[in-house]
Amino acid sequence: MKFFWQRMLSVPDAGVQSPPVFFSCLPLLETQDLVLRRPRMKDAADIYAYAKDETVARYVLWEPHRSLSETRSCLHDLIRRARAGYPSSWVITLRETGRVIGTIGFVWYSAENSSAEIGYSLSRDYWNRGFATQALRAVVAEAFQSLPLNRLEAQHDLCNPASGRVMEKCGFRQEGVLRSRVFNKGEYVDVALWSLLRSDLTRATVKQPDC
Ligand SMILES: CC(C)(COP(=O)(O)OP(=O)(O)OC[C@H]1O[C@@H](n2cnc3c(N)ncnc32)[C@H](O)[C@@H]1OP(=O)(O)O)[C@@H](O)C(=O)NCCC(=O)NCCS
């Protein structure tokens, strides 16, 4: 990963794909500890195991899953939308066991503005091991390499600073705080907005990843 930024910069337009084709056929991404791949219906049990956890769902815009069939239904929708070329997500699997421990992907994509938003969540059993950072770095590299993107966004509830730290470690810059931006879990919450521009990748001041 030491040459993460250099690799992107040396081939900035290599392999740029049409976004619907890219979203419908997300490539396999590998990191030191993780393999990111397209979701399958048989991932439902692994996803339900963490998606039912209220702590995991506390700061995301979905509710904790109440049953395996609810997870199956969400997964079915995710797979169907990806096949139709809409912004889609990878499942994050542990390289060692193959277990699905989270998801990461595109919340939306704007062709007009060449921008997109990334979101992610991880099973509580695997927090604070650098896994979300590994996954986001891999997705950022792939996104700028394969999509005609100028800007990537990510946002998090201000009460969820771990998510902001992941963004920071991946080179995102915080742009500001949007007050009472979202009504989530019964209250209005402040949201920190972060971005990473293609031009940020070319600046010498960009903090180099530390692995
Ligand atoms: C947010 C989340 C993805 C982070 O995943 P993770 O794999 O634990 O992240 P990493 O281990 O790569 O990095 C976490 C960083 O946050 C830091 N951190 C953890 N808790 C923190 C806190 N309360 N305040 C500030 N920093 C915190 C860690 O120390 C680490 O930084 P470091 O490497 O400098 O020590 C994970 O907690 C999660 O899935 N939460 C539930 C879903 C969610 O909130 N998703 C994000 C929606 S915006």
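Structure notes:
- Tally of residues being outside any loop (DSSP other than H, G, I, E, B), touching a residue at least 40 places away in the same chain (Cβ under 8 Å) and open to solvent by less than 70 Å² (accessible area, probe 1.4 Å) across the range 78-96: 8
- Whichever residue in the range 13-68 is small (Gly, Ala, Ser) and within 16 Å of the ligand (Cβ to nearest atom) and, among such residues, is farthest from ASP190 (Cα to Cα): ALA49
- Within the range 39-48, the set of residues being surrounded by fewer than 18 Cβ atoms within 10 Å (Cβ to Cβ) and part of a helix (DSSP H, G or I) comprises MET41, LYS42, ALA45.
- Of LEU36, LEU75, LEU61, all but one fail to be at pLDDT 95 or above and in a helix (DSSP H, G or I); the exception is LEU75.
- Test: residue in the range 77-99 that is basic (Lys, Arg) and closer than 21 Å to SER163 by Cα: no
- Restricting the range 156-173 to residues that are aliphatic (A, V, I, L, M) and within 14 Å of ARG137 (Cα to Cα), the residue that is farthest from the ligand (Cβ to nearest atom) is MET167.
- Filtered by the rule that a residue be outside any helix (DSSP H, G or I), aliphatic (A, V, I, L, M) and farther than 21 Å from LEU201 by Cβ, the range 127-169 gives a lone residue, LEU158.
- With respect to the conditions (1) charged (D, E, K, R); (2) under 30 Å from ARG40 (Cα atoms); (3) surrounded by fewer than 18 Cβ atoms within 10 Å (Cβ to Cβ), GLU142 falls short on a single one, namely (3).
- The C-beta contact set for the range 51-69 (first residue over 23 Å from LEU158 (Cα atoms) and of a type outside the set (A, V, I, L, M, F, W, C), second residue at pLDDT 95 or above and open to solvent by 40 Å² or more (accessible area, probe 1.4 Å), distance under 8 angstrom, 6+ apart or interchain) comprises HIS65/TYR48; HIS65/LYS52; HIS65/CYS74; ARG66/LYS52; SER67/TYR48.
- All conditions but one from (1) open to solvent by less than 40 Å² (accessible area, probe 1.4 Å); (2) farther than 30 Å from LEU158 by Cβ apply to SER73; the one that does not is (1).
- Whether a residue is buried (at least 22 other Cβ atoms within 10 Å of the Cβ) and near the ligand (Cβ under 6 Å from one of its atoms) was assessed, and ALA132 passes this test.
- Check on ARG198, within 13 Å of the ligand (Cβ to nearest atom) and either among the charged types (D, E, K, R) or open to solvent by less than 10 Å² (accessible area, probe 1.4 Å) (or both): no
- Any chance PHE183 is of a type in the set (Phe, Trp, Tyr), surrounded by 14 or more Cβ atoms within 10 Å (Cβ to Cβ) and not in a loop (DSSP other than H, G, I, E, B): no
- Filter result (near the ligand (Cβ under 7 Å from one of its atoms), open to solvent by 30 Å² or more (accessible area, probe 1.4 Å) and of a type outside the set (Lys, Arg)) within the range 97-129: TYR120, TYR126, TRP127, ASN128
The values are calculated or read from the model by the stated rules, or taken from the named source; none is laboratory data. All values reported here derive from a predicted model rather than from experimental measurement. Note that each Cβ is placed from the backbone with ideal geometry, even for glycine, and that neighbours are counted across all protein chains shown. When the accessible area is computed, the model is the full protein with side chains, heavy atoms only, and any ligands, DNA or RNA have been set aside. Shrake-Rupley method; radii C 1.70, N 1.55, O 1.52, S 1.80 Å.
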